[in-house]
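Asks: This structure is in structure tokens; I'll ask about it shortly.
The values are calculated or read from the model by the stated rules, or taken from the named source; none is laboratory data. Predicted model, so just to flag it, every value in this text is computed and none were measured. Note that we place each Cβ from the backbone using ideal geometry, even for glycine, and neighbour counts take in every protein chain shown.
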Amino acid sequence: MPTPFHDLPDYMALPRVSELRLTPDGSRLIAVVAGLSPDRKSYANALWEIDPAGERPARRLTRSAEGEAAPEPLPDGSVLFLSKRADPTADKSAEPAEPRPALWQLPADGGEPRRVATRPGGIAGLAVARETGTVAFTAAALPGAEGADEDEKRRQARTEAGVSAILHEAYPIRYWDHDLGPAQLRLYAAAAPGEDGLGVAEDLTPDPGRALDEQSFQLTPDGRTVVTGWSRPLPGGDQIGEIVAIDAEGGQPRVLASGDDADYEEPVASPDGRHVVCVRSRRTTYDEPSDHTLWLTDLETGEGRDLLPGFDLWPGHPTWSPDSRTLYFIADAKGRRPIFRVGLDGGEPRRLTADHGAYQELNPSPDGTTLYALRGAVDSPAVPVALDLSATEPEPRPLPAPGTPVELPGRLTEVTTTGPDGVELRGWLVLPEEAGSERPAPLLLWIHGGPLGSWNDWSWRWNPWLMVARGYAVLLPDPALSTGYGLDFIRRGHGNWGEATHADLMAITDAAIARDDIDETRTAAMGGSFGGYMANWVAGHTDRFRCIVTHASLWALPQFAATTDMAVHWEREFGDSNRAPERYDLNSPHRHLGRIRTPMLVIHGDKDYRVPIGEGLRLWWDLTKNEVDAKFLYFPDENHWVLTPGNATVWYETVFAFLAQYVLGEDWARPELL
């Protein structure tokens, strides 16, 4: 029976739920839902109302071509959000030529939203004080600009002079898919919107440098203090993450959490305003991988302590209970991402959810009886759910939302085996419905990225069900370096990415092909990012697969380590490639070029700054020079992921055709638009 996964245009048009926020009175959930634009060339976000009781259907609240995101409810029930949408009441001659994100307010009882604040560089992030409605936001401003008017004049002068150059005097200089500078993110605070819009915004960080890049922030419920992540520069181009508190009426940042061997991030203030909890990440070193915990800090004194000593999983996204006595958090755990809770009294953390779901966006109800969240899984996109906190193991109750549930073309099971060192390994196996001993399915080994990650959630971009709809079984293993199995499991591959991970991948592939519903003679391998790195490593160490797809992959590690946007991160684990090249030589796939005989499809985007295009170009040239049967799918304007609907479609079409040629024995069918 056909499903949306059998037809790429139908799949691309499926609604996609992401953010979730509960209003202060607990009466409404506000979700962000991405939908395909009318011209099918992009996705646009909209705000939807979700009924916490699950009785009413979801209701769309906003509609614009530019889309809306980052909803934050105010105490009066209205909702702030960010959007590039045009303001119909504004003087068109005074509007910027290129739309920039502005702050908008949606009335509590519906109706048209109004724009309440703008900045010359656009507004990047948003937070609201739950009790007072005080607003904090980040916006990019040119160095030295005092106020929005001067910032706009400086921007206009650069534009009129035709200047796009950036003079860098510190590292880093770019991030993910965009350049950093010359503007710098600043943090502002203002009173809740009134009849004339947002109150006067106080510039809390007039000269921040790059301290606020990629940082999250929150206001205390009374609106008096902003707590934020803060990057402090270190010698040699490095930086370290701290948590600071800043008076919302102005003042110098006050350090709450800092250390020489750990980064602190994701600060969240308690409802009673007494504490801040954050994630503490011990820094990776040459000898030891990172380790994460929750760090509790007294907001007044700055005294802190580890809230999860001895907890062997990595916590994330901490959320307070309304009475400030309990924290909820999520952590990868054996191919799942359950919710845990821990009290401030120092007791042991307790796992709440027992299913195979991957949870995020936690929202406790004001009375503390219900926890709302988004629940995804390998076999389910994100769905808003309600969890009864009075139950020992609460069952997720789905709430009506756009595009859910989704009909799948197959079934999900698990594969387990033992690695060469005796460690238990596991992974998900996604199977076509018709797969069985009479009709064994060809197998696709799909290696996850990271490397510190896990196949535990739905992915719109790397979706195995599209492969299943075309008759493939897909193996999604968690090899060495995967999260959710304790620190020793990560240590197995620390500094030894290629050899240790390859051994695990081969062991679990052996276990999968031993099943009678898998055709061991027709197999392929693929991966993206670290998964692409491992696809390259596999190509140089075995010819068991009929073909290999490698996306945004690391190829020559000494070259990659110096050109990625996060060079200092790699040096912590691998060392200085100029002074101590041993680990680079040991782990670099390009050292094994001469052994590659398997046909390869190389895919890369030019706007990928995490794994720069030079990796793809060099890999393609090396394969061509060595007469390996290969193709190169190149995207001039895409980043690490390849996100636009049209390009994502031809990505899948090319992968389907490549796999069909070598795994199924069909003739090569070049995608029509290529």
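Asks: Out of L103, L22, which single residue is under 23 Å from the mean Cα position of the chain (by Cα) and touching a residue at least 60 places away in the same chain (Cβ under 8 Å)?
Replies: Checking each option against the conditions leaves just L22.
Asks: Of all the helices (runs of 4 or more DSSP H) wholly in segment 525-625, which have at least 1 residues that are over 21 Å from W446 (Cβ atoms), among the small types (G, A, S) and more than 22 Å from the chain's Cα centre (by Cα)?
Replies: Per the criteria, 557-563, 613-625.
Asks: In segment 53-83, what count of residues is obtained for those that are under 20 Å from V128 (Cα atoms) and of a type in the set (D, E, K, R)?
Replies: Here the count works out to 3.
Asks: From the list R595, R572, which one is surrounded by fewer than 19 Cβ atoms within 10 Å (Cβ to Cβ), within 23 Å of R492 (Cα to Cα) and modelled with pLDDT of 95 or more?
Replies: R572
Asks: It is to be established whether one or more residues within segment 461-469 are surrounded by fewer than 18 Cβ atoms within 10 Å (Cβ to Cβ) and of a type in the set (K, R).
Replies: yes
Asks: Still on this structure, please answer the following. Kindly establish whether R470 is more than 22 Å from T542 (Cα to Cα) and among the basic types (K, R).
Replies: yes
Asks: Show the residue pairs meeting these rules: Cβ distance below 7 Å; 6+ apart or different chains; first residue within segment 426-449 and in contact (Cβ under 8 Å) with a residue 24 or more places away in the chain; second residue of a type in the set (D, E) and crowded, with 22+ Cβ neighbours inside 10 Å.
Replies: Final answer for the pair search is R426/D478; G427/D478.
Asks: Restricting segment 608-650 to residues that are in contact with a His (Cβ under 8 Å, 6 or more places away or on another chain) and among the charged types (D, E, K, R), which is nearest to P38 (Cα to Cα)?
Replies: So the residue we want is D608.
Asks: To continue, here is another question. Sort through D291, D323, D312, D287 and tell me the only one that's in contact with a strand residue (DSSP E or B) (Cβ under 7 Å, 6 or more places away or on another chain) and either surrounded by fewer than 16 Cβ atoms within 10 Å (Cβ to Cβ) or not β-branched (V, I, T) (or both). Please lay out each step first, then the result.
Replies: On the way: D323 fails: in contact with a strand residue (DSSP E or B) (Cβ under 7 Å, 6 or more places away or on another chain); D312 fails: in contact with a strand residue (DSSP E or B) (Cβ under 7 Å, 6 or more places away or on another chain); D287 fails: in contact with a strand residue (DSSP E or B) (Cβ under 7 Å, 6 or more places away or on another chain).
Just one listed residue meets the conditions, D291.
Asks: A follow-up question, please. Do we have any residue at all in segment 646-658 that's touching a Leu at 6+ places or on another chain (Cβ under 9 Å) and among the charged types (D, E, K, R)?
Replies: yes
Asks: If you go through segment 291-322, how many residues are under 27 Å from L481 (Cα atoms), in a loop (DSSP other than H, G, I, E, B) and touching a residue at least 60 places away in the same chain (Cβ under 8 Å)?
Replies: Going through segment 291-322 one residue at a time, the tally reaches 3.
Matching residues to (1) touching a Ser or Thr at 6+ places or on another chain (Cβ under 9 Å); (2) under 27 Å from E573 (Cα atoms); (3) of a type outside the set (S, T, N, Q); (4) at pLDDT 95 or above:
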{"site": "A248", "(1), (2), (3), (4)": "yes, no, yes, yes"}
{"site": "V255", "(1), (2), (3), (4)": "no, no, yes, yes"}
{"site": "S258", "(1), (2), (3), (4)": "no, yes, no, yes"}
{"site": "Y264", "(1), (2), (3), (4)": "yes, yes, yes, yes"}
{"site": "R282", "(1), (2), (3), (4)": "yes, yes, yes, yes"}
{"site": "E288", "(1), (2), (3), (4)": "no, yes, yes, yes"}
{"site": "D298", "(1), (2), (3), (4)": "no, no, yes, yes"}
{"site": "L308", "(1), (2), (3), (4)": "yes, yes, yes, yes"}
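Asks: Considering only residues of segment 548-569 that are in contact (Cβ under 8 Å) with a residue 60 or more places away in the chain and surrounded by fewer than 24 Cβ atoms within 10 Å (Cβ to Cβ), which is nearest to D622 (Cα to Cα)?
Replies: Here the residue is A556.
Asks: When segment 269-283 is examined, which residues are found to be part of a loop (DSSP other than H, G, I, E, B), within 23 Å of L212 (Cβ to Cβ) and either β-branched (V, I, T) or in contact (Cβ under 8 Å) with a residue 60 or more places away in the chain (or both)? Give the steps one after another, and end with the answer.
Replies: Residues of segment 269-283 part of a loop (DSSP other than H, G, I, E, B): 270-274, 283.
Adding the requirement that they be within 23 Å of L212 (Cβ to Cβ) leaves 270, 273, 283.
Scanning segment 269-283 gives a single hit, R283.
Asks: With the structure loaded, tell me whether E152 is of a type outside the set (S, T, Y), under 15 Å from G121 (Cα atoms), out of contact with any strand residue (DSSP E or B) (no Cβ under 7 Å at 6 or more places or on another chain) and assigned to a loop (DSSP other than H, G, I, E, B) or whether it fails that test.
Replies: In short, no.
Asks: For segment 157-186, give me the residue count where each residue is among the acidic types (D, E) and either more than 23 Å from the chain's Cα centre (by Cα) or at positive phi (or both).
Replies: Total satisfying the criteria: 2.
Asks: Could you go through segment 520-537 and let me know if any residue there is crowded, with 20+ Cβ neighbours inside 10 Å, charged (D, E, K, R) and in contact with a His (Cβ under 8 Å, 6 or more places away or on another chain).
Replies: Scanning segment 520-537 turns up no residue that is crowded, with 20+ Cβ neighbours inside 10 Å, charged (D, E, K, R) and in contact with a His (Cβ under 8 Å, 6 or more places away or on another chain).
Asks: Here is a follow-up. Kindly provide the set of residues from segment 130-149 that are of a type in the set (A, V, I, L, M, F, W, C), in contact (Cβ under 8 Å) with a residue 24 or more places away in the chain and in a loop (DSSP other than H, G, I, E, B), ordered by number.
Replies: Filtering segment 130-149 for residues of a type in the set (A, V, I, L, M, F, W, C) gives 135-137, 139-142, 145, 148.
Checking the rest, the ones that are also in contact (Cβ under 8 Å) with a residue 24 or more places away in the chain come to 135-137, 139-142, 148.
If the condition is that a residue be of a type in the set (A, V, I, L, M, F, W, C), in contact (Cβ under 8 Å) with a residue 24 or more places away in the chain and in a loop (DSSP other than H, G, I, E, B), then L142 is the only one that fits.
Asks: Could you pull out the residue among A373, A354, A331 that is at pLDDT 95 or above, small (G, A, S) and surrounded by fewer than 22 Cβ atoms within 10 Å (Cβ to Cβ)?
Replies: When all the criteria are applied, what remains is A354.
Asks: Another question about this same structure. Residue check: is A514 in contact (Cβ under 8 Å) with a residue 60 or more places away in the chain and aliphatic (A, V, I, L, M)?
Replies: When the stated conditions are applied, A514 does not pass them.
Asks: Suppose we keep only residues that are of a type in the set (G, A, S) and more than 19 Å from I30 (Cα to Cα) within segment 68-96. Which one would you say is surrounded by the most Cβ atoms within 10 Å (Cβ to Cβ)?
Replies: The residue in question is A86.
Asks: Are any residues in segment 48-60 in contact with a Phe, Trp or Tyr (Cβ under 6 Å, 6 or more places away or on another chain) and hydrophobic (A, V, I, L, M, F, W, C), and if so, which ones?
Replies: Residue satisfying the conditions is A58 alone.
Asks: Sticking with this one: Across segment 639-674, which residue is nearest to K607 (Cα to Cα) among those that are without any contact (Cβ under 8 Å) to a residue 24 or more places away in the chain and among the acidic types (D, E)?
Replies: Filtering segment 639-674 for residues that are without any contact (Cβ under 8 Å) to a residue 24 or more places away in the chain and among the acidic types (D, E), the one nearest to K607 (Cα to Cα) comes out as E672.
Asks: I would also like to ask the following. Within segment 581-591, does at least one residue satisfy the condition of being of a type in the set (A, V, I, L, M) and under 20 Å from A556 (Cα atoms)?
Replies: There is at least one residue in segment 581-591 that is of a type in the set (A, V, I, L, M) and under 20 Å from A556 (Cα atoms).
Asks: If you don't mind, another one. From L14, L22, L8, grab the single residue that is touching a Pro at 6+ places or on another chain (Cβ under 6 Å) and either among the hydrophobic types (A, V, I, L, M, F, W, C) or surrounded by 20 or more Cβ atoms within 10 Å (Cβ to Cβ) (or both).
Replies: The unique qualifying residue is L14.
Asks: List the strands (runs of 3 or more DSSP E) that sit entirely inside segment 1-87 and contain at least 1 residues that are on the phi > 0 side of the Ramachandran plot.
Replies: Fully inside segment 1-87 and qualifying: 68-73.
Asks: I need a count of the residues in segment 604-630 that are among the β-branched types (V, I, T) and closer than 17 Å to S588 by Cβ.
Replies: Residues of segment 604-630 that are among the β-branched types (V, I, T), as a first pass: 611, 613, 624, 628.
Still in the running and closer than 17 Å to S588 by Cβ: 611.
So the count comes out to 1.
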